[in-house]
Each structure stands twice: as structure tokens, then as C-alpha cells.
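As C-alpha cells, the structure follows; a few thoughts come after it.
The values are calculated or read from the model by the stated rules, or taken from the named source; none is laboratory data. These numbers come from a predicted model, not from an experiment. Positions of Cβ are backbone-derived with ideal geometry, glycine not excepted, and every protein chain shown enters the neighbour counts.
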Amino acid sequence: MLDTVAQDRGARLFDITKEQYPYLKDKDVGYKYSPDPKSPYKLEFYQQDDIPDWAKGKSTAIEVFHPQTTPQDLYGDYISHYAVNTDPKLQQMYQQFQKGITPQGKKFIAELVDEAKRGGEKNTETPEYMQRVVIPQYLRGYLVNQFEPKDFSQAYSPQQIQLLKQMKQYLGIK
């Protein structure tokens, strides 16, 4: 019975996310729930050349592997991997956010890279990996609370926190 409930929730998770975050209502996103307890990831975000066959014709797609995945996780990945590059207002804020990374923020980012290495990730030092994986993770840390609030003052400058608050307001994140 619990497996059926988890399967149903997993299948409906993107609909739940769209209800919670109206910004997504008109977005062209493929979604698939593929429970896989062995996956090291909660979810995978696809775009452009990475779109799997089950989502052909969509601009982006999200595949969820773990039942613990939340609407915030889906929304955070959509924002940090796609919307910051396609929504002009977010794009501008994201560029300012990246320019505002302080030496203390760079130190925090280096810890994220070290954590990825310890987790078996490859090519973590490349600029492509930083832009594709680490900086989006750094953004999500505050934006959708994937980091502990106690870490915020160490990870972000006051200017970045102000920008992140503006992003949250624009995106309807409480």
C-alpha cells in the first residue's frame, strides 16, 4: 500500500510542483518518475541535446529517482539550470549574483567541489562543470533552502542575499 502511495505521489510530483509554484504553469517541461533507490541522485534535469526519448519535443525534462524528492527540489533545478538562462529578468539577476561571489563565497564553492569529488564526480575542476553543476547548486542553496540557514552568512555576501530575496519574490518562493 505504501509503495502505491509513493508511486502515485511520485507520478504527480510535477503537477504538485506546478500548483505550488505558478511560475511553472505554462512551462514546457517533460516529467517522468523512475524510482531507483540505487541512483546517487534525487533527480536529473535534461535540456537541449540531453532530452531523453520519452520527452522529445519538450524544451526541458526532469526525471525523478527518489521518493524523498520535493517540489522545491524540482523547482530549484528548473530555475538554476534553465530559467536563469532563458528568463531575461532572472538572467540579469543571476549574472549579478555570480559577479558578487566574494572570496568567502569561493571558499564555500570549493567545499561543494570537494564534496562532489568525494562522491565520485569526475571533472569537477573544469569551468564547464562549475557552470553546469556547482554554481546552480550554490544558487539553489539559498533560493530553495538546500543549505542550512546557518551557512548563509558564510556562503553569500549581503548583496547576493538581497538579489536572492528578489529572485524568491519574483519566483513566488516563500
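Residues of segment 108-131 that are loosely packed, with under 14 Cβ neighbours inside 10 Å and in contact with a helix residue (DSSP H, G or I) (Cβ under 8 Å, 6 or more places away or on another chain): ASN123, GLU125.
Against the list (1) out of contact with any Lys or Arg (no Cβ under 6 Å at 6 or more places or on another chain); (2) surrounded by 13 or more Cβ atoms within 10 Å (Cβ to Cβ); (3) modelled with pLDDT under 90, the condition SER157 fails is (3).
Of the residues making up segment 96-141, those that are in a helix (DSSP H, G or I), of a type outside the set (D, E, K, R) and closer than 20 Å to GLN48 by Cβ are PRO127, TYR129, MET130, GLN131, VAL133, VAL134, ILE135, PRO136, GLN137, LEU139.
For segment 20-68, the candidate set comprises residues that are in contact with a Phe, Trp or Tyr (Cβ under 9 Å, 6 or more places away or on another chain) and of a type in the set (Val, Ile, Thr); within that set, the residue that is surrounded by the fewest Cβ atoms within 10 Å (Cβ to Cβ) is VAL29.
Scanning segment 130-143 for residues that are more than 17 Å from LYS107 (Cα to Cα) and modelled with pLDDT under 95 yields a single hit, ARG132. Looking across segment 142-154, the residues that are in a helix (DSSP H, G or I) and either exposed (fewer than 12 other Cβ atoms within 10 Å of the Cβ) or in contact (Cβ under 8 Å) with a residue 40 or more places away in the chain (or both) come down to LEU143, PRO149, LYS150, ASP151, SER153, GLN154.
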